[in-house]
Amino acid sequence: MIRTRFTELVGIEHPIVQGGMQWVGRAELASAVSNAGGLGILTGLTQPTPEALAAEIARCQEMTDKPFGVNLTILPTINPPPYDEYRRAIVESGVKVVETAGNNPVNHLPDFHEAGIKVVHKCTSVRHAVKAEEVGVDAVSIDGFECAGHPGEDDIPLLVLLPRTVDSVSIPVIASGGIGDGRGMAAALALGAEGVNMGTRFMATVEAPVHRTVKEQLVANSERDTDLLFRPLRNTSRVARNAISQRVVAMLDEGAQFPEVRDLVAGVRGKTVFETGDLDAGIWTAGMVQGLIYDIPTAAELLERMVAEAEDIIRGRLEKLIG
Ligand SMILES: Cc1cc2nc3c(=O)[nH]c(=O)nc-3n(C[C@H](O)[C@H](O)[C@H](O)COP(=O)(O)O)c2cc1C
């Protein structure tokens, strides 16, 4: 049993969080992670409307009586989704944990806190973690450069970013990006984290609602099989390398502007990859930790073995090194 301030804060057994994942963070996966003693998270914007999110939360509540959260990704887009309505759906659902990401969550905090919801803000730099603490979030997740999705523009790997963040805030810090087993978990705890957050590793579990071919590709891929898209646009995104990602990187390197690649990177194409297993149908998100994924366990098997491995390392291997 590994207890931290974070396990106490959100009322979970193991300090392991399944981060929000577009198209993947549905009730099947979130409830499986929560039933296994971790913190499962539904992805708010995977649901097309606030009403659909309310229904998905209700579905998840039927599948688990343990705590789970909802991810609210605040994107700086031209036509933003109705964030206030998504927030209302979350508040009214009785969910007790929210993961915010993408932008400063300050406008959402009063409503969440009034409803007794704990807010974990996920960010990619020390300065944003410090800001998040200042505006009153309850914990921060810090995403290293290794991570799937948006690593930011500073390119600081977790080995430096995590302890720097721990040195700079007093709220619990969750380590994110590049973690896939008990070794990564023990290392994160050693660096001062009070929990770990994983995306890619959870995609390759039995309960993840994505096509089996995608999970098998995660097992087959190495740590080198990701691409960074949108670097020249300063909106970097780490994705699984495939024919489309290579084409988009080449186009942007040659000076293409976003409108020229818009169709290739459309979210609906990524959704098709997950639904059909056609790995080149579009862009799909995955991190460097692919190189450490060797199998497709259930969420419960994964959590059990990670905790056992982390405990063995802490109590066994590390202790024995001390002469
Ligand atoms: C398929 C996929 C979709 C993701 N979508 C989101 C998202 O919508 N919002 C978000 O905040 N993070 C998203 N993430 C990032 C994860 O929540 C998490 O921060 C990241 O995966 C951690 O790095 P790891 O993959 O190395 O564990 C996504 C990750 C994956 C793999």
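The values are calculated or read from the model by the stated rules, or taken from the named source; none is laboratory data. If you're wondering where the values come from, they're calculated on a predicted model, not measured in any experiment. With ideal geometry, Cβ positions are generated from the backbone for all residues, glycine too; neighbour counts draw on all protein chains shown.
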- Can you tell me which of 165, 200 is within 11 Å of the ligand (Cβ to nearest atom), among the β-branched types (Val, Ile, Thr), in contact (Cβ under 8 Å) with a residue 12 or more places away in the chain and surrounded by 24 or more Cβ atoms within 10 Å (Cβ to Cβ)? 200
- Query: Which pairs do you get when a residue that is closer than 15 Å to residue 203 by Cα and in contact (Cβ under 8 Å) with a residue 60 or more places away in the chain, found in the stretch 268-280, comes within reach of a residue that is part of a helix (DSSP H, G or I) and away from the ligand (no atom under 13 Å from the Cβ), reach meaning Cβ atoms under 7 angstrom, with the pair 6+ apart or on two chains?
  - Reply: 277/212; 277/213; 279/213
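Give me a count of the residues in the stretch 13-23 that are farther than 21 Å from residue 191 by Cα, of a type in the set (A, V, I, L, M, F, W, C) and either more than 16 Å from the ligand (Cβ to nearest atom) or buried (at least 24 other Cβ atoms within 10 Å of the Cβ) (or both).
1
Please state which one of 268, 289, 307 is more than 26 Å from residue 189 (Cα to Cα) and either among the aliphatic types (A, V, I, L, M) or crowded, with 17+ Cβ neighbours inside 10 Å (or both). Let's see the steps before the verdict.
On the way: 289 fails: more than 26 Å from residue 189 (Cα to Cα); 307 fails: more than 26 Å from residue 189 (Cα to Cα).
Every option except 268 fails the conditions.
Table: residues versus (1) assigned by TED's automatic domain parsing to the domain that holds residue 11; (2) of a type in the set (Phe, Trp, Tyr).
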position	(1), (2)
186	yes, no
190	yes, no
196	yes, no
199	yes, no
231	no, no
240	no, no
254	no, no
258	no, yes
265	no, no
- Note on the structure: Residue hits (the stretch 72-123; among the basic types (Lys, Arg) and either outside any strand (DSSP E or B) or surrounded by fewer than 14 Cβ atoms within 10 Å (Cβ to Cβ) (or both)) are 87, 88, 96
